[in-house]
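All of the numbers you see were taken from the coordinates with simple rules; none came from a lab. Computed from a predicted model, the values in this text were never measured in an experiment. Positions of Cβ are backbone-derived with ideal geometry, glycine not excepted, and every protein chain shown enters the neighbour counts.
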Amino acid sequence: MTNYRQLIDAALAARKQAYAPYSGLRVGAALLCSDGEIITGVNIENASYGATNCAERTAVFKAVSQGKREFAAIAVVSDMDRLIYPCGICRQVLAEFRVSTIIVGDVNGNYKVYGAEELLPCAFTEFD
């Protein structure tokens, strides 16, 4: 897939469902499975900040719970006018499941594409 617009649009639509009463920052993610299915996720905040879950992990966990294990790409967007990047924990989860392409976007649909190793060089994996 070289045109990532469908993933960006799916992430933008998903972000509207985010539960972000504390930060007010809604984040959406769209995960492209190897079979072509797109699974979305949103950030889900909690008063105990450590219990908050990011949109990227929500999408991956939903996919895994549906039996998916192979992924081609993920897009992540937010309400901001600037690009948003996965946090360190999300980068490690994406590395675990070998998501090779990470697309970061903004609320206006602008985006930039990265290879996974660009965002998390020397990732910890059991496969090494």
What pairs come up if the first residue lies in the range 33-62 and is in contact (Cβ under 8 Å) with a residue 40 or more places away in the chain, the second is crowded, with 16+ Cβ neighbours inside 10 Å and assigned to a loop (DSSP other than H, G, I, E, B), and their beta carbons are under 6 Å apart, counting only those six or more places apart or on different chains?
A55/N43
Report whether or not V60 is under 21 Å from N110 (Cα atoms) and surrounded by 15 or more Cβ atoms within 10 Å (Cβ to Cβ).
no
Pairs please, first residue from the range 63-76 and farther than 11 Å from I39 by Cα, second anywhere and part of a loop (DSSP other than H, G, I, E, B) and among the polar types (S, T, N, Q), Cβ atoms under 6 Å, 6+ apart in sequence or on different chains.
E70/S34; A72/S34
Test set (1) among the small types (G, A, S); (2) within 12 Å of the chain's Cα centre (by Cα); (3) more than 15 Å from A14 (Cα to Cα) - A75 fails condition number:
(3)
Subset tally (residues that are without any contact (Cβ under 8 Å) to a residue 40 or more places away in the chain and either out of contact with any Gly (no Cβ under 9 Å at 6 or more places or on another chain) or crowded, with 19+ Cβ neighbours inside 10 Å (or both)) for the range 77-92:
10
Within the set of pairs 6+ apart or on separate chains, which have a first residue in the range 99-128 that is over 23 Å from F61 (Cβ atoms), a second that is basic (K, R) and surrounded by 15 or more Cβ atoms within 10 Å (Cβ to Cβ), and C-beta atoms under 7 Å apart?
none
